[in-house]
Amino acid sequence: MKYVLLLMGDVEKARCGDESLPSVEEFMAYDAEVEAAGIAAGGFALHDPDTAVSVSIPAGETDAVVTTGPYAESREYVGGTFIIDVPTIDDAIAWAKKCPGAKDSRVEIRAIADY
Amino acid sequence: MAESLPGRRAVVEELARLQRDDSPRLLAVLARRFGDLDLAEDVAQDAYEAALATWPRTGIPDSPLAWLLTTARRKALDRLRRDAAQTRRLAELAVEEDRRPGPTPLSEIPDDRLELFFTCCHPTLRPEEQVALILRFLGGLTTVEVAAAFLVSVPTMQARLTRAKKRIRITRIPVAVPPPDLVAERLPAVLHAIYSIYTEGYATTGAEVHIRTELTGEAIRLARTVRALVPADPEVSGLVALLVLTEARAPARVDGEGLPVSLEDQDRTRWRSDLLAEGIVLAEQAAHQAGESAALGPFVIQASIAAVHAEATRFDLTDWAQIAALYDLLDLVAPSPIVRLNRAVAIGRRDGFEAGLRELDRLAATPELARHHPFHAARAVTLEELGRPADAALAWRTAAECTDSPVERAYISKRLREHGRDDVADSAP
């Protein structure tokens, strides 16, 4: 069963350059651990949300609106993902607990739909 | 064979019995096999229908449950084959299935109910979903019955169960006993869910009495099931003891007018002696099983408290020193305002009502108790005992304001009348 771990970041914290955020080294160590366990099934890291571009076609219109930055109202953004292939949600929870992205922040587990 | 064919009526009766007694076993095996509670329900239903069509012609098989299980498994595989999106899942499942042709002897039908208890109480499911799932799948109640038990509409209960089943299937909540390091963490949720089913039934009155009585009985049955599956766990034994001892007092809890009777005023000859005897033995076993373990669990302690009450043949023979000590202990392992309220009452009985009132008044600022009618009722009783009827009446009126239950309010009116005070009916909110 494939699960994605969505590493959620907080816009405010990112802007402040919060010192408590986990280091790149911690993420690399975790990545190595996931590889070594033989459960790695993909994933990616993302650049900062302030480099985002949003494209949206409002209801009832045909033209797309292109704006700079993420959706202004949302406090959270996806900073990166790990995709892991493990038997059950309990395994996924155990891996999310170990993920540096959970520290002082949030990792959201979602099951990957197999269409 | 032909002359011994059962009539359709005999088949219907046998199926009703199987549905009542064995549907949790059937559903548990199917749920574990396919990891999908919706599918388990659907194919169990298919199997009952197939039996209704087949058994009048073939006779009732030697092992009806095994027949139903084999049929349900085949139906499940048929359904999965029809569903193209499920082909991968099928590949995982079918290999094992093909190695097992023919009906399974009854003795080989696995008992997967404990596994299913843990599934239903997975920490990612909400408490109200957990109790609904337990009643539906391990209690064998229909969705309509579960809805009635919790006084919610059938569509609401259906939506709740559907959401929970979807989560189990989509996120793959395992139908398995957790690894040893997680059992201790997860068993309390199972016991708590069963306990809340019991209290849901216990706290009721009036028109709902009938259904609710079934709920307390169901909770005891579920607790006994868990104990049969995990006999050595002290908390499991403690839960059964607590429920059985509480149930033993049920016949004395309500008077002829349907009003509650306080523990002090209960006719103890009406307590059920069979349940008392069983509960006292179980409470002792639970304490014994806890043995060397450093901290007693909340159910062992509550069972001990219930056992102390059960052993008192008269209210004034109650060993309040022991009860107060047990509430001290309970407040350490499972602190709550309600525990502290009960502790204060026990101290009043042990050290005198002045001391009891001091303990109660120390709790008066606790937000959870400020609008909790038993707290004000306890103060009222204490003030009556201290010979302060005016203050007691005031406390009774506050208690009445804190409950919407017509039965509780009627009880308070009765207490006030007995003490020559006015009725509370006029102060209804």
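Only the coordinates and a few stated rules stand behind these numbers; no lab work does. Just so we're clear, the structure is a prediction, and the values are computed from it rather than from any experiment. Note: ideal-geometry Cβ built from the backbone for every residue, glycine included; neighbour counts use all protein chains shown.
Worth pointing out:
- Taking amide H atoms as placed 1.01 Å from N in the peptide plane, the amide H of B:VAL254 lies under 5 Å from those of B:VAL261, each 5 or more residues away in sequence or on another chain.
- Fewest neighbouring Cβ atoms within 10 Å first, the residues B:ASP21, A:ASP90 line up as B:ASP21, A:ASP90.
- Net charge over other residues, Cβ less than 9 angstrom from the Cβ of B:ALA241 (K, R count +1; D, E count -1): -2
- For the stretch B:247-311, GluC sites (Glu not before Pro) meeting the loop criterion (DSSP other than H, G, I, E, B) and having at most 12 other Cβ atoms within 10 Å: B:GLU257, B:GLU292.
- Based on Cα atoms of the stretch B:113-230, Rg over Rh with Rh as the Kirkwood radius reads 0.97.
- 23 Å Cα-Cα reach of B:LYS75 towards lysines, excluding residues that sit fewer than 8 places from it in its own chain: B:LYS165, B:LYS166
- Pairs of Cα atoms farther than 23 Å apart, the stretch B:267-394, %: 40 percent
- The charge dipole of the stretch B:319-363, taken about its Cα centre with unit charges on the Cβ atoms of Lys, Arg (+1), Asp and Glu (-1) only, comes to about 80 debye.
- Over all pairs of different C-alpha atoms, the stretch B:223-284 has a mean inverse distance whose reciprocal, the Kirkwood radius, equals 12.5 Å.
- Helical contribution to [θ] at 222 nm, DSSP H n ≥ 4, -39,500 (n - 2.57), averaged over chain A, rounded to 500: -7500 deg cm²/dmol
- Scattering curve values for chain B, log₁₀ I(q)/I(0), Debye with Cα scatterers, q = 0.06, 0.10, 0.12 Å⁻¹: -0.33, -0.81, -1.06
- The mean number of Cβ atoms from other chains found within 10 Å of a Cβ in peptide B:164-174 is 3, as a whole number.
- Whichever lysines have a C-alpha closer than 23 Å to that of A:LYS13, once near sequence neighbours (fewer than 8 apart) are set aside: A:LYS97, A:LYS98, A:LYS103
- Integer Hz, Karplus 6.51/-1.76/1.60 couplings in order for the stretch B:149-161, x for Gly and Pro: 4, 9, 6, 10, 6, 4, x, 4, 5, 4, 5, 5, 5
- Against chain A, whose longest principal axis comes from its Cα atoms, helix A:24-36 is set at around 60 degrees.
- Rounded FRET efficiency, nearest 0.05, which uses the C-beta distance separating B:LEU332 from B:ARG224 and R0 of 30 Å: 0.55
- The stretch B:331-367 and the stretch B:66-80 have their alpha-carbon centroids 57 Å apart.
- Overall form of the stretch A:23-115 per C-alpha gyration tensor (a/c, 1.5; a/b vs b/c): prolate
- Chain B: calculated mean residue ellipticity at 222 nm from DSSP helix runs of at least 4, using -39500 (n - 2.57): -22500 deg cm²/dmol
- Mean separation of Cα contacts under 8 Å, 6 or more apart, over the residue count of chain A: relative contact order %: 50 percent
- The Cβ shell under 12 Å around B:GLN45 holds other residues with a net charge of -3, Lys and Arg each +1, Asp and Glu each -1.
- Put a dot 7 Å past the Cα of A:LEU46, heading toward its Cβ, do the same for B:ALA355, and the two dots end up 6.4 nm apart.
- Potential lengthening between B:GLN19 and B:GLU311 on full extension [0.36 nm per residue; Cα-Cα distance subtracted]: 101.2 nm
- Annotation for the stretch B:289-350: trypsin sites (Lys or Arg not before Pro) lying in DSSP loop with at most 12 further Cβ atoms inside 10 Å of their Cβ are B:ARG314.
- Sorted fewest first by neighbouring Cβ atoms within 10 angstrom, B:HIS376, B:HIS192 come out as B:HIS192, B:HIS376.
- Rounded, prolate or oblate (a/c below 1.5 giving rounded, otherwise prolate when a/b exceeds b/c) for the protein assembly as shown by Cα gyration tensor: oblate
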